[in-house]
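Take a look at the structure set out below.
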Amino acid sequence: MNKKLLTILSISLLLTSGCGKVAELKNGEQVVGKLNGKTITANELYEELKEKGGSTTFINMVDEFIANKEIKTDDSVKNEANSQLEQLKLQYESMGQSFDDVLKGAGYSNEDELLEELILEVKKQKVVKNYLKENVKEDEINDYYEKNIEGEITARHILIIPDVNDDMSDEEKTKEKEKAKEKAEKLIKELNDGKDFKELAKKESEDEGSKENGGLIENITKDSVVEPFYNAVKELKDGEYTKEPVESSYGYHIILRESQKEKPKLEEVKDDILEKIVEKKLSSDENIYSTTWEEIRKKYKLDIQDSEIKKGYNDSLK
(Lines give C-alpha, C1' and ligand atoms only; values in the text may rest on other atoms or scores of the structure.)
Protein backbone atom coordinates (compact mmCIF):
# COMPACT_ATOMS: atom_id res chain seq x y z
CA MET A 1 0.00 0.00 0.00
CA ASN A 2 1.43 3.44 -0.95
CA LYS A 3 1.65 5.98 1.81
CA LYS A 4 0.06 9.42 1.50
CA LEU A 5 -1.62 8.92 -1.86
CA LEU A 6 -2.76 12.52 -2.01
CA THR A 7 0.52 14.23 -1.25
CA ILE A 8 1.75 15.07 -4.75
CA LEU A 9 -1.32 16.86 -6.02
CA SER A 10 -2.14 18.37 -2.62
CA ILE A 11 1.26 20.08 -2.57
CA SER A 12 0.92 21.32 -6.13
CA LEU A 13 -2.57 22.69 -5.46
CA LEU A 14 -1.25 24.42 -2.35
CA LEU A 15 1.49 26.06 -4.36
CA THR A 16 -0.82 27.27 -7.10
CA SER A 17 -3.45 28.50 -4.64
CA GLY A 18 -1.11 31.09 -3.17
CA CYS A 19 -1.28 29.78 0.41
CA GLY A 20 1.68 30.78 2.53
CA LYS A 21 4.41 33.33 1.81
CA VAL A 22 6.07 32.64 -1.51
CA ALA A 23 8.16 34.76 -3.86
CA GLU A 24 6.67 35.81 -7.17
CA LEU A 25 8.22 36.68 -10.53
CA LYS A 26 7.23 39.82 -12.42
CA ASN A 27 4.71 37.81 -14.43
CA GLY A 28 3.04 36.70 -11.19
CA GLU A 29 4.33 33.10 -11.19
CA GLN A 30 5.14 31.83 -7.73
CA VAL A 31 8.68 30.69 -7.07
CA VAL A 32 9.23 27.29 -5.43
CA GLY A 33 13.02 27.44 -5.38
CA LYS A 34 16.15 28.85 -7.00
CA LEU A 35 19.68 27.75 -7.76
CA ASN A 36 22.44 29.24 -9.91
CA GLY A 37 21.04 29.68 -13.39
CA LYS A 38 17.58 28.27 -12.62
CA THR A 39 14.30 29.33 -11.05
CA ILE A 40 11.63 26.67 -10.53
CA THR A 41 8.08 27.99 -10.42
CA ALA A 42 4.93 26.46 -8.94
CA ASN A 43 3.48 26.02 -12.43
CA GLU A 44 6.56 24.12 -13.60
CA LEU A 45 6.44 21.90 -10.53
CA TYR A 46 2.71 21.33 -10.99
CA GLU A 47 3.16 20.30 -14.63
CA GLU A 48 5.97 17.90 -13.72
CA LEU A 49 4.02 16.33 -10.85
CA LYS A 50 0.89 16.11 -12.98
CA GLU A 51 2.71 13.97 -15.52
CA LYS A 52 4.00 11.65 -12.81
CA GLY A 53 0.79 10.13 -11.47
CA GLY A 54 -1.31 13.27 -11.37
CA SER A 55 -4.47 11.61 -12.69
CA THR A 56 -4.21 8.78 -10.17
CA THR A 57 -3.75 11.21 -7.29
CA PHE A 58 -6.62 13.37 -8.52
CA ILE A 59 -9.00 10.39 -8.64
CA ASN A 60 -7.87 9.29 -5.18
CA MET A 61 -8.88 12.76 -3.94
CA VAL A 62 -12.25 12.45 -5.67
CA ASP A 63 -12.91 9.00 -4.23
CA GLU A 64 -11.86 10.06 -0.74
CA PHE A 65 -14.31 12.97 -0.88
CA ILE A 66 -17.15 10.65 -1.96
CA ALA A 67 -16.30 7.99 0.64
CA ASN A 68 -16.20 10.54 3.47
CA LYS A 69 -19.45 12.12 2.27
CA GLU A 70 -21.36 8.83 2.09
CA ILE A 71 -19.91 6.82 5.00
CA LYS A 72 -19.41 8.01 8.56
CA THR A 73 -16.31 6.94 10.45
CA ASP A 74 -18.36 5.11 13.06
CA ASP A 75 -17.41 2.25 15.38
CA SER A 76 -18.21 -0.43 12.78
CA VAL A 77 -15.81 1.17 10.29
CA LYS A 78 -13.10 1.60 12.92
CA ASN A 79 -13.50 -1.96 14.17
CA GLU A 80 -13.23 -3.38 10.65
CA ALA A 81 -10.12 -1.32 9.92
CA ASN A 82 -8.56 -2.32 13.25
CA SER A 83 -9.29 -5.96 12.48
CA GLN A 84 -7.49 -5.61 9.15
CA LEU A 85 -4.56 -3.95 10.88
CA GLU A 86 -4.31 -6.81 13.38
CA GLN A 87 -4.43 -9.36 10.55
CA LEU A 88 -1.57 -7.56 8.80
CA LYS A 89 0.48 -7.55 11.99
CA LEU A 90 -0.10 -11.26 12.54
CA GLN A 91 0.76 -12.00 8.92
CA TYR A 92 4.13 -10.26 9.04
CA GLU A 93 4.97 -11.40 12.56
CA SER A 94 4.21 -15.00 11.59
CA MET A 95 6.94 -14.63 8.95
CA GLY A 96 9.38 -13.41 11.59
CA GLN A 97 9.25 -9.76 10.50
CA SER A 98 9.04 -6.79 12.83
CA PHE A 99 5.87 -4.89 12.01
CA ASP A 100 7.53 -1.61 13.04
CA ASP A 101 10.23 -2.27 10.45
CA VAL A 102 7.58 -3.07 7.84
CA LEU A 103 5.83 0.22 8.59
CA LYS A 104 9.05 2.21 8.35
CA GLY A 105 9.95 0.49 5.10
CA ALA A 106 6.59 1.54 3.65
CA GLY A 107 7.05 5.12 4.82
CA TYR A 108 4.74 5.15 7.84
CA SER A 109 5.75 6.82 11.10
CA ASN A 110 3.38 4.68 13.16
CA GLU A 111 0.38 2.35 13.04
CA ASP A 112 -2.09 5.23 13.24
CA GLU A 113 -1.04 6.49 9.83
CA LEU A 114 -1.69 3.10 8.27
CA LEU A 115 -4.96 2.80 10.20
CA GLU A 116 -6.19 6.04 8.63
CA GLU A 117 -5.69 4.56 5.17
CA LEU A 118 -7.36 1.31 6.16
CA ILE A 119 -10.37 3.25 7.45
CA LEU A 120 -10.61 5.04 4.11
CA GLU A 121 -10.41 1.74 2.22
CA VAL A 122 -13.17 0.25 4.38
CA LYS A 123 -15.37 3.27 3.62
CA LYS A 124 -14.64 3.03 -0.11
CA GLN A 125 -15.60 -0.64 -0.11
CA LYS A 126 -18.86 0.19 1.66
CA VAL A 127 -19.63 2.84 -0.97
CA VAL A 128 -19.22 0.21 -3.69
CA LYS A 129 -21.38 -2.34 -1.87
CA ASN A 130 -24.12 0.21 -1.26
CA TYR A 131 -24.12 1.26 -4.91
CA LEU A 132 -24.30 -2.35 -6.08
CA LYS A 133 -27.15 -3.08 -3.65
CA GLU A 134 -29.11 -0.09 -4.97
CA ASN A 135 -28.79 -1.49 -8.48
CA VAL A 136 -29.70 -5.12 -7.83
CA LYS A 137 -32.83 -5.92 -9.85
CA GLU A 138 -35.93 -7.39 -8.25
CA ASP A 139 -35.67 -10.38 -10.61
CA GLU A 140 -32.24 -11.17 -9.16
CA ILE A 141 -33.59 -11.02 -5.62
CA ASN A 142 -36.59 -13.20 -6.42
CA ASP A 143 -34.45 -15.74 -8.27
CA TYR A 144 -32.02 -16.02 -5.34
CA TYR A 145 -34.93 -16.37 -2.92
CA GLU A 146 -36.53 -19.20 -4.87
CA LYS A 147 -33.30 -21.13 -5.43
CA ASN A 148 -31.39 -20.61 -2.20
CA ILE A 149 -33.66 -19.75 0.71
CA GLU A 150 -35.13 -22.56 2.80
CA GLY A 151 -36.40 -22.82 6.34
CA GLU A 152 -33.60 -23.29 8.89
CA ILE A 153 -32.93 -26.91 9.84
CA THR A 154 -32.06 -28.38 13.23
CA ALA A 155 -29.95 -31.54 13.11
CA ARG A 156 -27.41 -33.61 15.01
CA HIS A 157 -24.25 -35.17 13.67
CA ILE A 158 -21.41 -37.45 14.58
CA LEU A 159 -18.12 -36.47 12.95
CA ILE A 160 -15.21 -38.87 12.44
CA ILE A 161 -12.01 -37.11 11.35
CA PRO A 162 -9.32 -39.06 9.45
CA ASP A 163 -5.97 -38.92 11.26
CA VAL A 164 -3.96 -37.42 8.40
CA ASN A 165 -1.23 -34.79 8.13
CA ASP A 166 0.80 -33.12 5.41
CA ASP A 167 3.83 -35.34 6.02
CA MET A 168 1.94 -38.48 4.96
CA SER A 169 2.07 -40.01 1.52
CA ASP A 170 -1.11 -40.21 -0.55
CA GLU A 171 -1.29 -43.92 0.19
CA GLU A 172 -1.07 -43.33 3.95
CA LYS A 173 -3.75 -40.66 3.76
CA THR A 174 -6.05 -42.96 1.82
CA LYS A 175 -5.66 -45.69 4.45
CA GLU A 176 -6.52 -43.28 7.27
CA LYS A 177 -9.59 -42.06 5.39
CA GLU A 178 -10.73 -45.64 4.89
CA LYS A 179 -10.31 -46.30 8.63
CA ALA A 180 -12.40 -43.23 9.47
CA LYS A 181 -15.12 -44.25 7.03
CA GLU A 182 -15.19 -47.78 8.42
CA LYS A 183 -15.59 -46.37 11.94
CA ALA A 184 -18.51 -44.20 10.77
CA GLU A 185 -20.12 -47.23 9.10
CA LYS A 186 -19.73 -49.19 12.35
CA LEU A 187 -21.49 -46.41 14.27
CA ILE A 188 -24.36 -46.41 11.77
CA LYS A 189 -24.79 -50.12 12.46
CA GLU A 190 -24.98 -49.33 16.17
CA LEU A 191 -27.71 -46.78 15.46
CA ASN A 192 -29.54 -49.40 13.39
CA ASP A 193 -29.38 -51.70 16.41
CA GLY A 194 -31.10 -49.08 18.56
CA LYS A 195 -28.29 -46.98 20.03
CA ASP A 196 -29.33 -43.46 21.07
CA PHE A 197 -27.96 -40.88 18.62
CA LYS A 198 -27.33 -38.18 21.23
CA GLU A 199 -25.43 -40.51 23.55
CA LEU A 200 -23.39 -41.93 20.67
CA ALA A 201 -22.50 -38.40 19.52
CA LYS A 202 -21.35 -37.45 23.02
CA LYS A 203 -19.14 -40.54 23.14
CA GLU A 204 -17.80 -40.84 19.59
CA SER A 205 -18.08 -37.52 17.71
CA GLU A 206 -14.87 -35.60 17.10
CA ASP A 207 -16.63 -32.29 16.59
CA GLU A 208 -15.66 -30.54 19.82
CA GLY A 209 -18.13 -27.73 19.17
CA SER A 210 -21.24 -29.93 19.24
CA LYS A 211 -20.45 -33.29 20.86
CA GLU A 212 -21.32 -32.22 24.42
CA ASN A 213 -24.79 -31.29 23.19
CA GLY A 214 -25.26 -34.63 21.52
CA GLY A 215 -24.06 -33.36 18.13
CA LEU A 216 -26.69 -30.60 18.01
CA ILE A 217 -26.45 -28.03 15.19
CA GLU A 218 -29.21 -25.42 14.95
CA ASN A 219 -30.22 -22.81 12.37
CA ILE A 220 -28.66 -24.69 9.46
CA THR A 221 -28.86 -22.92 6.10
CA LYS A 222 -27.25 -23.49 2.73
CA ASP A 223 -24.55 -20.96 3.56
CA SER A 224 -23.86 -22.03 7.15
CA VAL A 225 -22.50 -25.55 6.54
CA VAL A 226 -20.41 -27.28 3.89
CA GLU A 227 -22.28 -28.31 0.76
CA PRO A 228 -22.19 -32.12 1.23
CA PHE A 229 -23.65 -31.74 4.73
CA TYR A 230 -26.46 -29.44 3.57
CA ASN A 231 -27.33 -31.59 0.57
CA ALA A 232 -27.58 -34.65 2.82
CA VAL A 233 -29.64 -33.07 5.62
CA LYS A 234 -31.99 -31.47 3.11
CA GLU A 235 -32.91 -34.88 1.67
CA LEU A 236 -33.68 -36.45 5.06
CA LYS A 237 -37.10 -36.52 6.66
CA ASP A 238 -37.51 -35.40 10.27
CA GLY A 239 -36.28 -38.20 12.54
CA GLU A 240 -34.18 -39.88 9.82
CA TYR A 241 -30.41 -40.26 9.83
CA THR A 242 -28.02 -40.96 6.97
CA LYS A 243 -27.51 -44.66 6.24
CA GLU A 244 -24.09 -44.03 4.70
CA PRO A 245 -21.31 -41.72 5.96
CA VAL A 246 -21.37 -38.28 4.35
CA GLU A 247 -17.89 -37.17 3.32
CA SER A 248 -16.90 -33.52 3.53
CA SER A 249 -13.67 -31.57 3.89
CA TYR A 250 -13.95 -32.13 7.65
CA GLY A 251 -14.25 -35.90 7.56
CA TYR A 252 -17.19 -38.33 7.68
CA HIS A 253 -20.57 -37.28 9.09
CA ILE A 254 -23.53 -39.28 10.33
CA ILE A 255 -26.45 -36.84 10.25
CA LEU A 256 -29.79 -36.97 12.05
CA ARG A 257 -32.38 -34.44 10.94
CA GLU A 258 -34.68 -33.23 13.72
CA SER A 259 -36.84 -30.43 12.30
CA GLN A 260 -37.14 -27.61 9.79
CA LYS A 261 -38.72 -24.18 10.12
CA GLU A 262 -41.02 -22.75 7.48
CA LYS A 263 -39.39 -20.83 4.65
CA PRO A 264 -39.09 -17.18 5.75
CA LYS A 265 -40.94 -14.48 3.85
CA LEU A 266 -38.95 -12.54 1.26
CA GLU A 267 -39.22 -9.30 3.24
CA GLU A 268 -37.58 -10.97 6.25
CA VAL A 269 -34.47 -12.06 4.38
CA LYS A 270 -34.21 -9.41 1.65
CA ASP A 271 -31.26 -7.61 3.28
CA ASP A 272 -29.34 -10.88 3.64
CA ILE A 273 -30.10 -11.76 0.02
CA LEU A 274 -28.75 -8.40 -1.16
CA GLU A 275 -25.55 -9.02 0.83
CA LYS A 276 -25.12 -12.45 -0.75
CA ILE A 277 -25.78 -11.21 -4.29
CA VAL A 278 -23.31 -8.35 -3.93
CA GLU A 279 -20.65 -10.60 -2.35
CA LYS A 280 -21.01 -13.00 -5.27
CA LYS A 281 -20.68 -10.19 -7.81
CA LEU A 282 -17.55 -8.85 -6.12
CA SER A 283 -15.91 -12.28 -5.92
CA SER A 284 -16.79 -13.37 -9.46
CA ASP A 285 -15.75 -10.23 -11.37
CA GLU A 286 -12.28 -8.87 -10.72
CA ASN A 287 -13.09 -5.61 -12.56
CA ILE A 288 -16.38 -4.78 -10.83
CA TYR A 289 -14.78 -2.70 -8.06
CA SER A 290 -13.12 -0.30 -10.52
CA THR A 291 -16.07 -0.18 -12.93
CA THR A 292 -18.44 0.54 -10.06
CA TRP A 293 -16.30 3.45 -8.92
CA GLU A 294 -16.44 4.78 -12.48
CA GLU A 295 -20.26 4.74 -12.27
CA ILE A 296 -20.22 6.36 -8.83
CA ARG A 297 -18.09 9.24 -10.13
CA LYS A 298 -20.54 9.70 -13.00
CA LYS A 299 -23.36 9.86 -10.45
CA TYR A 300 -21.48 12.72 -8.80
CA LYS A 301 -21.09 14.38 -12.23
CA LEU A 302 -17.30 14.35 -12.21
CA ASP A 303 -16.03 16.85 -14.77
CA ILE A 304 -12.25 16.78 -15.29
CA GLN A 305 -11.29 20.07 -16.87
CA ASP A 306 -7.53 19.57 -17.11
CA SER A 307 -6.91 17.83 -20.45
CA GLU A 308 -3.84 15.86 -19.30
CA ILE A 309 -5.52 14.65 -16.09
CA LYS A 310 -8.63 13.75 -18.11
CA LYS A 311 -6.58 11.80 -20.66
CA GLY A 312 -4.75 9.92 -17.89
CA TYR A 313 -8.05 9.04 -16.25
CA ASN A 314 -9.68 7.88 -19.50
CA ASP A 315 -6.61 5.79 -20.33
CA SER A 316 -6.87 4.06 -16.95
CA LEU A 317 -10.42 2.95 -17.78
CA LYS A 318 -9.41 1.11 -20.95
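Within region 231-245, take every residue that is part of a loop (DSSP other than H, G, I, E, B) and touching a helix residue (DSSP H, G or I) at 6+ places or on another chain (Cβ under 7 Å) and give me the one that is surrounded by the fewest Cβ atoms within 10 Å (Cβ to Cβ).
From region 231-245, those part of a loop (DSSP other than H, G, I, E, B) are 236-240, 242-245; that's our starting set.
The next check asks that each one be touching a helix residue (DSSP H, G or I) at 6+ places or on another chain (Cβ under 7 Å); those that pass are 242-243, 245.
Working: 242: 22, 243: 11, 245: 23.
Step by step, filter region 231-245, then rank; the result is 243.
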* **The lone exception for residue 224 - which of (1) of a type in the set (Gly, Ala, Ser); (2) loosely packed, with under 12 Cβ neighbours inside 10 Å; (3) within 31 Å of the chain's Cα centre (by Cα) it fails** => (2)
* Structure fact -> residue 286 fails exactly one of (1) within 31 Å of the chain's Cα centre (by Cα); (2) surrounded by fewer than 15 Cβ atoms within 10 Å (Cβ to Cβ); (3) modelled with pLDDT of 95 or more, namely (3)
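For residue 226, are the conditions met, namely being at pLDDT below 95, within 15 Å of residue 252 (Cβ to Cβ) and of a type in the set (A, V, I, L, M, F, W, C)?
Numbers: at pLDDT below 95: no; within 15 Å of residue 252 (Cβ to Cβ): yes; of a type in the set (A, V, I, L, M, F, W, C): yes.
Judged against the criteria, residue 226 is not a match.
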* Lone qualifier among 288, 309, 277, 273 - being touching a Gly at 6+ places or on another chain (Cβ under 8 Å) and among the aliphatic types (A, V, I, L, M) -> 309
* Count of region 35-69 residues which are surrounded by 15 or more Cβ atoms within 10 Å (Cβ to Cβ) and acidic (Asp, Glu) -> 2
* **region 264-291: number of residues that are closer than 30 Å to residue 314 by Cα and either in contact (Cβ under 8 Å) with a residue 40 or more places away in the chain or assigned to a loop (DSSP other than H, G, I, E, B) (or both)** => 9
* Identify all residues within region 172-222 that are in contact (Cβ under 8 Å) with a residue 12 or more places away in the chain and among the small types (Gly, Ala, Ser); write none if there are none. => 180, 184, 201, 205, 210, 214, 215
* Asked: Is it the case that some residue within region 147-155 is at pLDDT below 95, out of contact with any helix residue (DSSP H, G or I) (no Cβ under 8 Å at 6 or more places or on another chain) and in a helix (DSSP H, G or I)?
  -> yes
* **Positions within region 168-197 being of a type in the set (A, V, I, L, M, F, W, C) and either over 24 Å from residue 214 (Cβ atoms) or in a loop (DSSP other than H, G, I, E, B) (or both), in sequence order** => 168
* The listed residue being in contact (Cβ under 8 Å) with a residue 40 or more places away in the chain and either in a loop (DSSP other than H, G, I, E, B) or loosely packed, with under 12 Cβ neighbours inside 10 Å (or both), out of 128, 136 -> 136
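Listed here are the residues, each with its yes/no results for (1) of a type outside the set (S, T, N, Q); (2) over 24 Å from residue 227 (Cβ atoms); (3) touching a strand residue (DSSP E or B) at 6+ places or on another chain (Cβ under 8 Å).
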| position | (1), (2), (3) |
| --- | --- |
| 106 | yes, yes, no |
| 109 | no, yes, no |
| 129 | yes, yes, no |
| 141 | yes, no, no |
| 146 | yes, no, no |
| 151 | yes, no, yes |
* Residue count for region 246-263, restricted to those that are surrounded by fewer than 16 Cβ atoms within 10 Å (Cβ to Cβ) and either touching a residue at least 40 places away in the same chain (Cβ under 8 Å) or in a helix (DSSP H, G or I) (or both) -> 4
* Structure fact -> Sole miss for residue 16 among (1) hydroxyl-bearing (Ser, Thr, Tyr); (2) modelled with pLDDT of 85 or more; (3) in a helix (DSSP H, G or I) is condition (2)
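The values are calculated or read from the model by the stated rules, or taken from the named source; none is laboratory data. If you're wondering where the values come from, they're calculated on a predicted model, not measured in any experiment. When we count neighbours, we look across all protein chains shown, and the Cβ atoms used for this are built from the backbone with ideal geometry, even at glycine.
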